[in-house]
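Structure record follows, encoded as C-alpha cells.
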Protein chains: 2
Amino acid sequence: MNSNGTTLRRIVLAGFVLLVTTGVRADGDASPIYGVRMPEGYRNWQLIAPAQEAAPLNELRAVLGNDIAMKAYRAGTLPFPDGSVLAKLAWKHVQSPEFEPASIPGAATTVQFMVKDSKKYAATGGWGFARFIDGKPADEAQHQTCLACHQARVKDHDLVFTRYAP
Amino acid sequence: MNSNGTTLRRIVLAGFVLLVTTGVRADGDASPIYGVRMPEGYRNWQLIAPAQEAAPLNELRAVLGNDIAMKAYRAGTLPFPDGSVLAKLAWKHVQSPEFEPASIPGAATTVQFMVKDSKKYAATGGWGFARFIDGKPADEAQHQTCLACHQARVKDHDLVFTRYAP
C-alpha cells in the first residue's frame, strides 16, 4: 500500500514535470512529422501582428507569440531562441453587420504553430510546424508543405513570415 | 532644507500614487472632451479580435483589452465593468512582399481607446473615448463623432463594436 502510494506519487510528479518542462497539454493529438501539440494558453499570448489573406481563403489572421518569442521580436533577436512559439489564429472574414466598411472574424478555420527547438528540429531549420483544424492536427500531406514554402520565401528571417506591428 | 526635502518626497510620492491608481502615464496629452490618456503597456494586452477596414481607410486593425476587459469578454459580462479599457491599433494594410495573397500591417495610423468609468463618463454611456495619431490626441471635432456612432450602432452591446474572436 505504501509502495503503491509512492509509485502513484512518482507518476503524478513525473506527469507534472513533463507538463511544466514541455509546456504542452497532455491531452490532444500532435502534428504529423513534427509532433507539435497545441500549447496551453496560447490564446492569451501577446499580439505580433494581424494579417488578411485574399481569396480563395478570405481570412483574417492574428499571429501571437509566447513570452520568449515576444522578447526576441522586441529585441530584434535572430535567429529566434529555443522555446519561442508562434501561434497563427485564422477566421473567415465577414462583413460587420453593424459597420459596413469593416470586415470582422467569422468562423475559426485553422490554428497553426511554429515551435523553435534547434536540436529536436535541426533537420528543419530549428522549427517544428503544426496546423490544427477544430483542435485536431491536419494530415501529413498538409504538414509536408510547411517547410519548403517558409524556406523558399523567408530564409533570411529565420523562416518566419510575420514581423512585429508596432 | 529638511522641510523642502520632505515636501519633495511628498510630491514624488503623490505622483507615484496617482500613476498607480489611474494607470495612466503622467506625460503625454489627454483626449479632448474625455481627458483619456494613453494607458501604460497597452501594446502588451491580450487580443480581442483583428479587423479590416475597406477603402478609403484600407486598414488592418487589432483590438486589445486590459485584464478587466478580457475577463468581462470571456465571462460574457455586459455592461463592461468600471476599469475596462479597450485599445484599437490600426495600420495601413499593404501586400506582403513575401507571400502575395497576404496583406500585412504597413505604417501605423491611429490608436484609439475606450475607457469604462460609469461615474466619470455617466453622460456618455459610461465610456470615455480617445483617438491618438503619432502619440498625440486628435482634435475635438474628431472626438465629437465617437459617441453618436457607437450609440446608433451598438447600443445593445454596451456601445462596443468588437466581439471576442475565439
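Could you please find all residues in region A:93-111 being within 11 Å of chain B (Cβ to nearest Cβ) and either assigned to a strand (DSSP E or B) or on the phi > 0 side of the Ramachandran plot (or both)?
A:H93, A:V94, A:Q95, A:A102, A:S103, A:I104, A:P105, A:G106, A:A107, A:A108, A:V111
Would you confirm whether or not region B:112-126 contains a residue that is surrounded by 19 or more Cβ atoms within 10 Å (Cβ to Cβ), within 10 Å of another protein chain (Cβ to nearest Cβ) and closer than 30 Å to A:V111 by Cβ? No.
Considering only residues that are at positive phi and without any contact (Cβ under 8 Å) to a residue 60 or more places away in the chain, look in region A:113-166 and name the one that is farthest from the chain's Cα centre (by Cα). Ranking the qualifying residues of region A:113-166, first place goes to A:G125.
Of all residues in region A:127-166 being hydrophobic (A, V, I, L, M, F, W, C) and touching a Gly at 6+ places or on another chain (Cβ under 8 Å), which is surrounded by the fewest Cβ atoms within 10 Å (Cβ to Cβ)? Looking at residues that are hydrophobic (A, V, I, L, M, F, W, C) and touching a Gly at 6+ places or on another chain (Cβ under 8 Å), I get A:L147. Within region B:70-83, residues that are at positive phi sit with their Cβ atoms under 6 Å from residues that are surrounded by 14 or more Cβ atoms within 10 Å (Cβ to Cβ), at 6+ positions apart or across chains, in these pairs: B:G83/B:I68. Any chance region A:18-31 includes a residue that's within 11 Å of chain B (Cβ to nearest Cβ) and modelled with pLDDT of 95 or more? No. Please specify each residue of region A:68-89 satisfying the condition of being surrounded by fewer than 21 Cβ atoms within 10 Å (Cβ to Cβ) and facing chain B (nearest Cβ under 10 Å). Result: A:M70, A:R74.
State which residue is surrounded by the most Cβ atoms within 10 Å (Cβ to Cβ) when the search covers only region B:35-67 and only residues that are of a type in the set (D, E), without any contact (Cβ under 8 Å) to a residue 40 or more places away in the chain and within 11 Å of chain A (Cβ to nearest Cβ). Once the filter is applied, the top-ranked residue is B:E53.
The values are calculated or read from the model by the stated rules, or taken from the named source; none is laboratory data. The model shown is predicted, which means the values in this text are computed figures rather than measured ones. Backbone-built Cβ (ideal geometry, glycine too); neighbour counts: all protein chains shown.
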